[in-house]
Every structure is written in structure tokens, then in C-alpha cells.
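Participant: This is the structure I have questions about; it appears just below.
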Amino acid sequence: MADQSPIPSDIVALADYERAAATRLDAAAWAYLAGGAADGLTLRRNREAFDAIRLQPRVLWDMAGASTRTELLGTALAHPILLAPIASHRLFHPDGERAVAVAAGATGTGMVVSTEATTSLEDIPALAKAPFWFQLYMQADRGFTQSLVARAEAAGYGAIVVTVDAPVSLRNEEQRIGFRLPAGLEPVNLRGMPSRPAIQAGPTESPVFRGLLDGAPGWADLEWLCAVTQLPVLAKGILGANDAERAVAAGVAGIVVSNHGGRALDGAPATIEALPAIAERIKGRVPLLLDGGIRRGTDVVKALALGASAVLLGRPYVMALAVGGVAGVAHALTIIRTELEVAMTLTGCASIEEIDESVIWRA
């Protein structure tokens, strides 16, 4: 591992890591990490919706033996916070995914490894003992897709998290700055993927409906994926109860309520706004996870209270990686877990199972 940068003493919350990372990353890397789709409406809404929810304090609760331990898909977790899949960690720190994996292991944090990682998926689980899942972008070539799944199975990953919400994207901040991965960085797990024919769209034609969606996965592909692996499959990117129901019918073992961190459809609801209706429809048949806007331990409590079994932390841990490498990521995870324990104490919840809708303040 490369030498770690000292963590500034004034970093005491995840927002502080964002401030520090903004001064350390170049403009292109910052646009890629911090930007959202189009005008950033959904990106901002993810935070605004969390901020609008109030918690009900409860006093003099018996907190003897309190714990954040939980279980998800048969795996014991030290706490219900996982690391969301984000591509190209080496864009932000030379040690990239390796540093994040070590920090995940040191803090007992589950990690979801991106298809577009800049480190081979086989290299990551060996770095530390922590639950590792593999995030999958289904490719037009089913054979190549199945080979990725087989590699994840052989490497010991515990689940496949298939992203279903971003067959296309429109990210103006990246367009304005002309974002490209620097020379020497690539999504190494996609080496050998069959190339697609170049899109030939006329001057009056859009490439979206004239090529970009050729081979995009559908519901039948989700059913196929669930059938070709022994690992549990989670569908990531569900925002509607009807889609959640259909995903369960297709065979998924879990759902990640997600709007791609505000990087897919701009104007979509915040994930915490979409969660209650999905929870009401699914009624515990499969676990629900949530990402998008998690910045505080109180956000974790709010998500669990409204129906999530766990949450995924995204941008903040990569910002911590940019500032302090392994130490930064481990510190960021310690911060949010500590905040979770404080929030549980002040709402009178001695276990994750005790967090329910009663901790939400109702006017």
C-alpha cells in the first residue's frame, strides 16, 4: 500500500471528508464523483428528503447489551452499513479498491465490488476478511456476463448485485469537462469483452434509440441471471412497488432501492421517499437495501425505520479514500457507525431489530 495522507484533525463527519476531497481531486475526477444526472435535481433531493424526516427521541431506555449486529442473506454483519459499488477507485487513490477492501475488513463492513473496478475482482477478497458482493452490469453478450458471474462465484463473493436502472445516462458535468479515465486506468474486469459495432446514426437521428439500447437487459435477462447462479441475486435500482414485485417474481433474493445516486433519471424521487411504498408491497418477502444520500448515522436509522434492512454508503467513502487511503475509509466508517450507535441510544433502540416506524416523529 502507498503511504497514507495524514487525516486532518478537523475531520469529524463525512461532510468534512467531502470538503477535504474537493480540494485534493482534480476537476475531472471531482465531476465524475460528485456530479449527478442533468441538473442534479435527484442528487439534491436524496439529501433534502432525509433532512425533512424527524426522529422521535425516547429517554431512559435500557441499553444494556446494545449492538449494531445484524444478518443479511444469511451473512452476519457487524452493522447494517455496506459500501456501495463505485467504479474506478484508482482514479481517487493509487491503492484504489485494495485500500477500500482492507478498510472494509478492518471495520467489519460489507463491500460491493463494481464490475468497472480498476482492480481485478479476484484480488479483492483475499485482502481482508469481510463480506464481499459483486455488482454486475449485464452485458449484451450473455456468455461474457455469465463468465463474470462464474468468476465472482469462484472468488468467494457472497451475492450478485445487478444494476438495472442505468442502461443510458446523461451527465452534463462530465460532458462539460470532457471526462475520460486517465491513461493506465481501465475497468480491468471487462478485458476480453466482445466489442460492439460502432453506432451509425444520421444527422437527424439520436443514438439512444438507434443503437445504444441494442442488447440492453430486460426482465427475461433478470430471470436468466437468477437461474444461472447459485448466489443470491439482488436487483439494484428499483424505485417503484410494481417493479419491486416483478423483480421478486423474477427470482431476486433482495432489492436495492436506488436511483443510482442521482446519476440516472433526473427528476426521479429520492430513495427514502420511494422506500415506504416498496416496503408495504414486498412485506418482508425479500430484504430491502437503500442507497442514495446516506451521510449520517441518523440517516441509517431513518432508512431502517421505514423498511430497509441495511443501507449502502457511496460517495463519502470514496472521498475519504481520496483524502486518507485505507485510514481515511476506515475512519469514515467508524464515524458513521458511531453516529448510528448514538442515534440508536437517543431513540431507545438497543438492537437493529428494534428500529421501526415508531422512531419517526409524526406531527
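The values are calculated or read from the model by the stated rules, or taken from the named source; none is laboratory data. In this text the structure is predicted, and so the values were computed from the model without any measurement. All Cβ positions, glycine included, derive from the backbone under ideal geometry; neighbour counts span all protein chains shown. Note: accessible area is taken over every heavy atom of the protein model, side chains too, but ligands, DNA and RNA are not part of it. Shrake-Rupley method; radii C 1.70, N 1.55, O 1.52, S 1.80 Å.
Participant: Of the residues that sit in segment 132-150 and are farther than 20 Å from residue 88 by Cβ and not in a helix (DSSP H, G or I), which one is modelled with the lowest pLDDT?
Facilitator: My answer is 140.
Participant: OK, next. Quick one: how many residues across segment 311-350 are of a type in the set (S, T, N, Q) and open to solvent by less than 30 Å² (accessible area, probe 1.4 Å)? Spell out the reasoning first.
Facilitator: Within segment 311-350, the first condition is being of a type in the set (S, T, N, Q), and the residues that meet it are 334, 338, 345, 347.
Going one step further and asking which of them are open to solvent by less than 30 Å² (accessible area, probe 1.4 Å), we end up with 347.
Total satisfying the criteria: 1.
Participant: Would you check if there is a residue in segment 254-276 being closer than 30 Å to residue 23 by Cα, part of a helix (DSSP H, G or I) and touching a Pro at 6+ places or on another chain (Cβ under 9 Å)?
Facilitator: Checked against the condition, which is being closer than 30 Å to residue 23 by Cα, part of a helix (DSSP H, G or I) and touching a Pro at 6+ places or on another chain (Cβ under 9 Å), segment 254-276 yields no hits at all.
Participant: Oh, and also: Among the residues of segment 237-253, count how many are in a strand (DSSP E or B) and either open to solvent by 60 Å² or more (accessible area, probe 1.4 Å) or β-branched (Val, Ile, Thr) (or both). Quick ask: steps written out before the conclusion?
Facilitator: Applying the first criterion (in a strand (DSSP E or B)) to segment 237-253 yields 237-238.
Those left that are additionally either open to solvent by 60 Å² or more (accessible area, probe 1.4 Å) or β-branched (Val, Ile, Thr) (or both): 238.
Residues that pass the stated criteria total 1.
Participant: If you check residue 107 against the conditions, is it touching a His at 6+ places or on another chain (Cβ under 7 Å) and either modelled with pLDDT under 95 or surrounded by fewer than 23 Cβ atoms within 10 Å (Cβ to Cβ) (or both)? Steps first, answer last, please.
Facilitator: Numbers: touching a His at 6+ places or on another chain (Cβ under 7 Å): no; either modelled with pLDDT under 95 or surrounded by fewer than 23 Cβ atoms within 10 Å (Cβ to Cβ) (or both): yes.
No; evaluated as a whole, the condition is false for this residue.
Participant: Taking the stated definitions as given, is residue 17 aromatic (Phe, Trp, Tyr), assigned to a helix (DSSP H, G or I) and touching a Lys or Arg at 6+ places or on another chain (Cβ under 9 Å)?
Facilitator: Values: aromatic (Phe, Trp, Tyr): yes; assigned to a helix (DSSP H, G or I): yes; touching a Lys or Arg at 6+ places or on another chain (Cβ under 9 Å): no.
In short, no.
Participant: Could you please let me know if residue 163 is at pLDDT 95 or above, open to solvent by less than 10 Å² (accessible area, probe 1.4 Å) and out of contact with any Cys (no Cβ under 6 Å at 6 or more places or on another chain)?
Facilitator: Working: at pLDDT 95 or above: yes; open to solvent by less than 10 Å² (accessible area, probe 1.4 Å): no; out of contact with any Cys (no Cβ under 6 Å at 6 or more places or on another chain): yes.
No, not satisfied.
Participant: Which of the residues belonging to segment 121-143 are surrounded by 22 or more Cβ atoms within 10 Å (Cβ to Cβ) and aromatic (Phe, Trp, Tyr)?
Facilitator: 132, 133, 134
Participant: Within segment 50-68, which residues are surrounded by 17 or more Cβ atoms within 10 Å (Cβ to Cβ) and in a helix (DSSP H, G or I)?
Facilitator: Passing the criteria: only 50.
Participant: Let me confirm something: among 153, 71, 116, which residue is in a loop (DSSP other than H, G, I, E, B) and either open to solvent by 20 Å² or more (accessible area, probe 1.4 Å) or touching a strand residue (DSSP E or B) at 6+ places or on another chain (Cβ under 9 Å) (or both)? Steps first, please.
Facilitator: Details: 153 fails: in a loop (DSSP other than H, G, I, E, B); 71 fails: in a loop (DSSP other than H, G, I, E, B).
The unique qualifying residue is 116.
Participant: Determine which member of the set 259, 242 is of a type in the set (S, T, N, Q) and out of contact with any strand residue (DSSP E or B) (no Cβ under 8 Å at 6 or more places or on another chain).
Facilitator: Details: 259 fails: out of contact with any strand residue (DSSP E or B) (no Cβ under 8 Å at 6 or more places or on another chain).
Exactly one of 259, 242 is of a type in the set (S, T, N, Q) and out of contact with any strand residue (DSSP E or B) (no Cβ under 8 Å at 6 or more places or on another chain), namely 242.
Participant: While we're here: Within segment 259-309, work out how many residues are open to solvent by 40 Å² or more (accessible area, probe 1.4 Å), within 24 Å of residue 248 (Cβ to Cβ), in contact (Cβ under 8 Å) with a residue 60 or more places away in the chain and of a type outside the set (A, V, I, L, M).
Facilitator: The total comes to 3.
Participant: Check whether at least one residue in segment 202-217 is modelled with pLDDT of 75 or more and among the hydroxyl-bearing types (Ser, Thr, Tyr), and report yes or no. Spell out the reasoning first.
Facilitator: Of segment 202-217, the ones modelled with pLDDT of 75 or more are 216-217.
Filter once more, so that each one left must be among the hydroxyl-bearing types (Ser, Thr, Tyr): none.
No - not one qualifying residue is present in segment 202-217.
Participant: On the given criteria, is residue 16 surrounded by 13 or more Cβ atoms within 10 Å (Cβ to Cβ), acidic (Asp, Glu) and free of Cβ contacts under 8 Å to residues at least 40 places away in the same chain?
Facilitator: Numbers: surrounded by 13 or more Cβ atoms within 10 Å (Cβ to Cβ): yes; acidic (Asp, Glu): yes; free of Cβ contacts under 8 Å to residues at least 40 places away in the same chain: yes.
Yes: the conditions hold for residue 16.
Participant: When residue 47 is evaluated against the numbered criteria (1) more than 18 Å from the chain's Cα centre (by Cα); (2) open to solvent by 30 Å² or more (accessible area, probe 1.4 Å); (3) on the phi < 0 side of the Ramachandran plot, which criterion, by number, is the only one it fails?
Facilitator: For residue 47, the exception is condition (1).
Participant: Filter segment 277-295 for residues that are over 13 Å from residue 46 (Cα atoms) and assigned to a loop (DSSP other than H, G, I, E, B) and give the result.
Facilitator: Within segment 277-295, 283, 284, 285, 286, 287 qualify.
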